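Let me begin by presenting the structure, written as structure tokens, before commenting on it.
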Amino acid sequence: MNAGKNRLPLWQRVFRIKKFANPLLDAIEPGSEGHLKRSIGLWPLVALGIGSVIGTGIFIVLTEAVPKAGPAVVLSFVLAGITAALSALCYAELASAIPVSGSSYSYAYATLGEGVAFVVASCLLLEYGVSVAAVAVGWGQYLNELLHSGFGWSLPESISSPPGHGGVLNVPAMVLVLLCALLLLRGAHESALANALMVLVKLAILALFVVLAYGAFDSRNLTPFAPHGMAGVGAAASSIFFSYIGFDAVSTASEEVENPRRNIPLAIVISLVVVTTVYILVALAGVGAQPAEQFTGQEAGLAAILHRVTGQDWPALMFSAGAMISIFSVVLVVLYGQTRILYAMAKDGMVPPLFCRVNRNGVPAQNTLIVGLGVALLAGLVPLDVLANLTSMGTLVAFFIVSVGVMVLRRKQPGLKRGFSVPLYPLTPVLSAVFCLYLIVGLAAETLELFLVWVGVALLFYFAYSIRNSKLELAHAAG
């Protein structure tokens with residue numbers, strides 16, 4: 001009875017703010033939760049950022065994007081890159097001010113309220129889980145390219161291609177996700193080291209592609225440059241934006257990073273500069289080496305381009321192997337990010353406590369196994385184009401909220417210590433929000449409908465479980 005009398009009105013419960021500086025609200029309950037270990041320095045963190053982004057789309061996305069924009073897909077990458085850069089600056093400021101696990105979920109909780117934070121979390125889970133599945137699908141394509149080039153045979157299409165593209169169950173994609181989940185159970189330090197080595201391989205492979213493709217560059221392939229006008233450029237930018245997602249995975253590692261106020265903003269900015277440069281070079285090399293119409297339906301696109309321009313098997317063989325390693329690192333890092341978001345939510349009481357229980361290696365083991373199994377099913381059963389567009393939608397909504405969060409936090413807590421501040425405030429967060437909305441509008445109507453269904457399901461869970469079990473609710477009820 002007393003708890004009912006003390007309960008706040010619904011709107012106040014939905015929009016209540018979590019103050020991360022309050023040690024009472026951040027306390028660890030013995031026996032139910034544990035501490036993550038701070039074992040990641042700046043350069044492993046930069047590698048984590050690069051590893052989570054490069055491979056998320058560049059190895060497979062030209063096949064989807066070039067038919068929409070033609071050679072002007074280079075401008076689509078620039079447009080998506082500008083949006084990502086603006087969002088990255090906003091992430092950097094919030095990460096330096098609120099250096100905790102949970103990425104934009106935690107930032108929204110500190111600025112816009114619990115209900116908004118839960119919606120953002122649902123977007124992040126969509127972004128991370130679905131993007132991992134999308135990338136894993138691409139891994140299966142490159143595995144077949146490797147087997148065909150090196151040994152003259154391939155896996156049956158029914159078990160190696162995504163549904164909707166000749167496949168029934170994408171077994172290689174499922175195996176990849178489960179392997180990454182097993183590696184994550186070893187610990188954050190070991191996973192970061194493995195990722196750093198794989199990032200070096202992927203950068204070397206993309207450098208090989210750029211050099212060989214530029215050797216076959218033909219300016220006639222760039223004409224007509226924008227056959228579908230700026231509408232095509234915008235549509236392609238919306239669909240390839242998922243190529244830029246992942247840098248926010250850096251901020252999910254906040255509780256495992258040394259000196260997070262300094263290292264997280266630096267890692268976000270450095271990783272995005274490297275990624276944007278590489279993407280533009282690869283896109284320009286690709287459209288210069290091959291006529292735009294040949295990209296339609298082309299599997300393992302970059303490896304196929306190398307095979308065509310060299311007339312030999314070894315470049316494509318090497319590239320396919322490198323692409324498989326690259327995509328492995330993306331799946332590893334993004335899967336890691338999703339588990340840490342669920343960890344942060346469980347600490348707040350928003351999802352069941354099993355998601356924040358850690359083992360003796362400092363790893364949320366049950367969380368990792370559940371996420372791995374769920375994402376493996378997505379990778380095996382859902383068509384690629386649906387995965388890519390849903391990823392973009394979830395990402396853009398989360399980025400929009402972060403942009404707004406920067407302005408809200410500046411207004412509510414102007415004296416809060418920040419290791420980094422966005423330049424040209426308030427222009428930068430305003431432009432970031434506007435660019436995100438522009439790309440959202442460019443997504444297909446089917447994507448928007450599926451996203452609304454996802455958010456609706458998330459809100460049902462929030463009102464059925466989270467609003468009753470959040471740490472803020474329990475603290476208020478306790479008086």
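What ³J(HN,Hα) values, in whole Hz, does the Karplus curve 6.51 cos²θ - 1.76 cosθ + 1.60 give for the stretch 254-266 when θ = phi - 60°, with x put for Gly and Pro?
3, 7, 10, 9, 6, 6, x, 4, 8, 6, 5, x, 4
Could you work out how much longer the chain between Asp218 and Ile82 gets when fully extended? Use 0.36 nm per residue separation minus the Cα distance between them, nm to one decimal.
On the way: separation 136, 0.36 × 136 = 48.96 nm, distance 2.73 nm.
The span from Asp218 to Ile82 would gain 46.2 nm if fully extended.
Would you calculate, for the chain, the mean residue ellipticity at 222 nm contributed by helices, counting each DSSP H stretch of 4 or more residues as -39,500 (n - 2.57) and dividing by all residues, to the nearest 500? Please list the in-between numbers first.
Values: 20 runs with 322 residues, N = 479.
It lands at -22500 deg cm²/dmol.
Pairing the Cα long axis of helix 301-310 with the longest principal axis of the chain, what angle in degrees results, from 0 to 90 and rounded to the nearest 10?
Long axis of 301-310 versus the principal axis of the chain: about 20 degrees.
Set Lys and Arg Cβ to +1 and Asp and Glu Cβ to -1, take the dipole of the stretch 38-468 about its Cα centre, and tell me which of Ser421, Val199, Val120 lies farthest positive.
Checking the options against the dipole of the stretch 38-468, the answer is Ser421.
Would you please classify the overall shape of the stretch 85-185 from the alpha carbon gyration tensor, given that a ≥ b ≥ c denote the square roots of the eigenvalues, rounded means a/c under 1.5, and beyond that prolate means a/b larger than b/c while oblate covers the rest? Intermediate results must be reported in sequence, preceding the final value.
Values: a/c = 3.11, a/b = 2.66, b/c = 1.17.
Prolate is the answer for the stretch 85-185, as a/c is 1.5 or above and a/b outweighs b/c.
Evaluate the charge dipole of the stretch 38-468 about its Cα centre and quote only its size in Debye, nearest 20, assuming +1 on the Cβ of each Lys and Arg and -1 on the Cβ of each Asp and Glu.
Working: 18 positive and 19 negative charges, 263 e Å.
Here the size comes out at about 1260 debye.
Rounded to the nearest 20 debye, what is the charge dipole size of the stretch 232-378 about its Cα centre when +1 sits on each Lys and Arg Cβ and -1 on each Asp and Glu Cβ? Intermediate values should be presented prior to the final figure.
Working: 7 positive and 8 negative charges, 77 e Å.
Rounded to the nearest 20 debye, it is 380 debye.
If you plug each phi of the stretch 345-358 into the Karplus form 6.51 cos²θ - 1.76 cosθ + 1.60 with θ = phi - 60°, what whole-Hz ³J(HN,Hα) values come out, in order, with x for Gly and Pro?
Values, residue by residue: 5, 5, 4, 8, x, 7, 9, x, x, 4, 6, 10, 7, 10 Hz.
Let me check I have the definition right: for the chain, take the eigenvalues of the Cα gyration tensor, multiply each by 5, take square roots. What are those semi-axes in whole Å, largest first? Kindly include the intermediate steps, with their values, before the conclusion.
Numbers: eigenvalues 288, 110, 83 Å².
Equivalent ellipsoid semi-axes, largest first: 38, 23, 20 Å.
Rounded to whole Hz and in sequence order, give me ³J(HN,Hα) for the stretch 149-158 from the Karplus expression 6.51 cos²θ - 1.76 cosθ + 1.60, θ = phi - 60°, writing x for Gly and Pro.
5, x, 10, x, 9, 9, 5, x, 4, 5
Given labels modelled 7 Å from the Cα in the Cβ direction, how far is it in nm from His189 to Ser158?
Here the modelled spin labels are 4.8 nm apart.
When a/c reaches 1.5 or more, the comparison of a/b and b/c decides; with that in mind, is the stretch 387-471 rounded, prolate or oblate per its Cα gyration tensor? Please report the intermediate quantities before stating the final value.
Values: a/c = 3.23, a/b = 1.27, b/c = 2.55.
Since a/c reaches 1.5 but b/c is at least a/b, the shape of the stretch 387-471 is classed as oblate.
Relative contact order of the chain, please, whole-number percent, based on alpha carbon pairs below 8 angstrom and at least 6 residues apart.
Working: 918 pairs, mean separation 159.8, N = 479.
This gives 33 percent for the chain.
Could you pull out the pairs from Lys347/Lys412; Lys417/Lys471; Lys68/Lys202; Lys202/Lys471 whose alpha carbons sit more than 31 Å apart here? Spell out each step's value before the answer.
Numbers: Lys347/Lys412 24 Å; Lys417/Lys471 25 Å; Lys68/Lys202 27 Å; Lys202/Lys471 42 Å.
The pairs that break the limit, which is 31 Å between Cα atoms, are Lys202/Lys471.
For Trp11 and Phe225, what does the FRET efficiency come to when R0 = 51 Å and r is the distance between their Cβ atoms, rounded to the nearest 0.05?
Details: r = 52 Å, r/R0 = 1.01.
Rounded to the nearest 0.05, the efficiency is 0.50.
Bear in mind these aren't lab numbers, they're just calculated from the coordinates by the rules spelled out. Computed from a predicted model, the values in this text were never measured in an experiment. When we count neighbours, we look across all protein chains shown, and the Cβ atoms used for this are built from the backbone with ideal geometry, even at glycine.
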